[in-house]
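Chemist: Here's a structure for you.
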Amino acid sequence: MPLCFSPASSAAAAASPLAAGSRGIRRRPSSALTVVRCKKIDSLRAINGAPPCVPVSDGSLLTPVTLPVFRDANIRSDTRLRIFSGTANPSLSQEIASYLGLELGKINIKRFADGEIYVQLQESVRGCDVFLVQPTCPPANENLMELLIMIDACRRASAKNITAVIPYFGYARADRKSQGRESIAAKLVANMITEAGANRVLVCDLHSSQAMGYFDIPVDHVYGQVMNLIGDVRGKVAVMMDDMIDTAGTIAKGAELLHQEGAREVYACCTHAVFSPPAIERLSSGLFQEVIITNTIPLKEEKTFPQLTILSVANLLGETIWRVHDDCSVTVGNEPYSSLDID
């Protein structure tokens, strides 16, 4: 290919020092050179106060060059475990965090004027093991949607593992089809939690154990042991146990039968106190010597009565969370950890 020639390139070449020397043009004498002196203002320093460090290799290509690492003293060494609370039961979440010796993670949850839910994490969870404590108690639909949005926020923030801690799992009663054209809502809710991005679920005393099979992710189920006693109750103390009390119709009828059979005292125990009307009237009518519940569902002041005793499941859930985080078994020997005492 022939070379191209342009007058502009020829002029630029003639103006260069090399071209000038080759053509015999005399250069400016060295005495006319301009000397610029740089004034040293300050010595080189690092922002953290440490002297600058340049890594030096021993000359081998197989030897990696390691840069110095300056660790911030304010960064905690246990930041891989994070506990966040929804708005359904913040007091229980605080008890769980206190048992683990942690502070609740900072999260912003608010509702717009039209009822839409907004969730924003106020701290980084990248690479962390995150536990979201949110029972889906009444209002069940709002609390469930809030949990799903919390899971989505953690997933999009690059959390390593997301565990939905659901002390009370709403829609658990809809776990089968007893009639035609019914929805199995428990399976639907399990699918929603899984699709939102949860890696694991921790639930407390499901309505039926088969509901664990509705999840396509690992499920840790902590529960109380139920004892079925058959025999004469005359002159004895009878304890009725159930997973939940909603309207208290079933448990009240059972208490009436026990009193008819001559039971000296009747106690009612349940994990989830939903207490829909007219539960308070039935439970406080004198059928029960004592009604013992847990705090998986927050109980309003107007729903309390003299025979009521509330136990906390914070230690039970906190210990289970720690064992899951530490990749330990949640059973003690051949017995589930849930069989241990609840403070």
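Chemist: When you go through (1) touching a residue at least 40 places away in the same chain (Cβ under 8 Å); (2) open to solvent by 70 Å² or more (accessible area, probe 1.4 Å) one by one for residue 241, which number turns out not to apply?
Modeler: Single failed check for residue 241: (1).
Chemist: One residue is enough: does segment 215-223 have a residue meeting the conditions aliphatic (A, V, I, L, M), assigned by the TED database to the domain that holds residue 173 and without any contact (Cβ under 8 Å) to a residue 60 or more places away in the chain?
Modeler: Yes, that holds for at least one residue.
Chemist: Here's a follow-up. On the given criteria, is residue 191 assigned to a strand (DSSP E or B), open to solvent by 10 Å² or more (accessible area, probe 1.4 Å) and not acidic (Asp, Glu)?
Modeler: Here the answer is no, as residue 191 does not meet what is asked.
Chemist: In segment 139-166, what residues are surrounded by fewer than 16 Cβ atoms within 10 Å (Cβ to Cβ) and not in a helix (DSSP H, G or I)?
Modeler: Passing the criteria: 139, 158, 160.
Chemist: A follow-up question, please. Does residue 284 qualify as being in contact with a Phe, Trp or Tyr (Cβ under 6 Å, 6 or more places away or on another chain) and open to solvent by 30 Å² or more (accessible area, probe 1.4 Å)?
Modeler: For residue 284, the condition - in contact with a Phe, Trp or Tyr (Cβ under 6 Å, 6 or more places away or on another chain) and open to solvent by 30 Å² or more (accessible area, probe 1.4 Å) - is met.
Chemist: Mind checking whether some residue in segment 172-184 is under 25 Å from residue 314 (Cα atoms), open to solvent by less than 70 Å² (accessible area, probe 1.4 Å) and either assigned by the TED database to the domain that holds residue 294 or in contact (Cβ under 8 Å) with a residue 12 or more places away in the chain (or both)?
Modeler: Among the residues of segment 172-184, at least one is under 25 Å from residue 314 (Cα atoms), open to solvent by less than 70 Å² (accessible area, probe 1.4 Å) and either assigned by the TED database to the domain that holds residue 294 or in contact (Cβ under 8 Å) with a residue 12 or more places away in the chain (or both), which makes the answer yes.
Chemist: If residue 136 meets every condition in (1) out of contact with any Leu (no Cβ under 7 Å at 6 or more places or on another chain); (2) at negative phi; (3) in a loop (DSSP other than H, G, I, E, B) apart from one, which number is that one?
Modeler: Condition (1) is where residue 136 drops out.
Chemist: Can you tell me which residues in segment 293-329 are open to solvent by 40 Å² or more (accessible area, probe 1.4 Å) and part of a strand (DSSP E or B)?
Modeler: Within segment 293-329, 309, 310, 311 meet the criteria.
Chemist: Those residues that are open to solvent by less than 40 Å² (accessible area, probe 1.4 Å) and polar (S, T, N, Q), I need them from segment 245-275; list them, please.
Modeler: 271
Chemist: Do you know which of the residues in segment 198-216 that are in a loop (DSSP other than H, G, I, E, B) and exposed (fewer than 15 other Cβ atoms within 10 Å of the Cβ) is nearest to the chain's Cα centre (by Cα)? Quick ask: steps written out before the conclusion?
Modeler: So the first thing to find is which residues in segment 198-216 are in a loop (DSSP other than H, G, I, E, B), and the list is 198-199, 205-208, 215-216.
Applying the additional criterion that residues be exposed (fewer than 15 other Cβ atoms within 10 Å of the Cβ) yields 208, 216.
Values: 208: 24, 216: 18 Å.
Within segment 198-216, the match that is nearest to the chain's Cα centre (by Cα) is 216.
The rows are residues; the columns are (1) basic (Lys, Arg); (2) over 28 Å from residue 163 (Cβ atoms); (3) out of contact with any His (no Cβ under 9 Å at 6 or more places or on another chain).
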{"position": "255", "(1), (2), (3)": "no, yes, yes"}
{"position": "262", "(1), (2), (3)": "no, yes, yes"}
{"position": "266", "(1), (2), (3)": "no, yes, no"}
{"position": "271", "(1), (2), (3)": "no, no, yes"}
{"position": "274", "(1), (2), (3)": "no, no, yes"}
{"position": "290", "(1), (2), (3)": "no, yes, yes"}
{"position": "304", "(1), (2), (3)": "no, yes, yes"}
{"position": "323", "(1), (2), (3)": "yes, no, yes"}
{"position": "327", "(1), (2), (3)": "no, no, yes"}
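Chemist: Criterion first (touching a helix residue (DSSP H, G or I) at 6+ places or on another chain (Cβ under 7 Å), modelled with pLDDT of 95 or more and in a loop (DSSP other than H, G, I, E, B)) does residue 92 satisfy it?
Modeler: So residue 92 does not fit the description; no.
Chemist: Hey, another quick one. All but one of (1) surrounded by fewer than 17 Cβ atoms within 10 Å (Cβ to Cβ); (2) touching a Phe, Trp or Tyr at 6+ places or on another chain (Cβ under 6 Å); (3) at positive phi hold for residue 290; which doesn't?
Modeler: Status for residue 290: all satisfied but (3).
Chemist: Right, another one. For residue 116, are the conditions met, namely being within 14 Å of the chain's Cα centre (by Cα), surrounded by fewer than 16 Cβ atoms within 10 Å (Cβ to Cβ) and outside the structural domain of residue 246 (by the TED database)?
Modeler: no
Chemist: For segment 151-196, what are the residues that are touching a helix residue (DSSP H, G or I) at 6+ places or on another chain (Cβ under 9 Å) and polar (S, T, N, Q)?
Modeler: 161, 163, 191
The values are calculated or read from the model by the stated rules, or taken from the named source; none is laboratory data. From a predicted model like this one, the values you see are computed outputs, not experimental measurements. Glycine gets a Cβ as well: all are built from the backbone with ideal geometry, and neighbour counts include every protein chain shown. The protein model used for the area step is the full one, side chains on, heavy atoms only, and it has no ligands, DNA or RNA in it. Shrake-Rupley method; radii C 1.70, N 1.55, O 1.52, S 1.80 Å.
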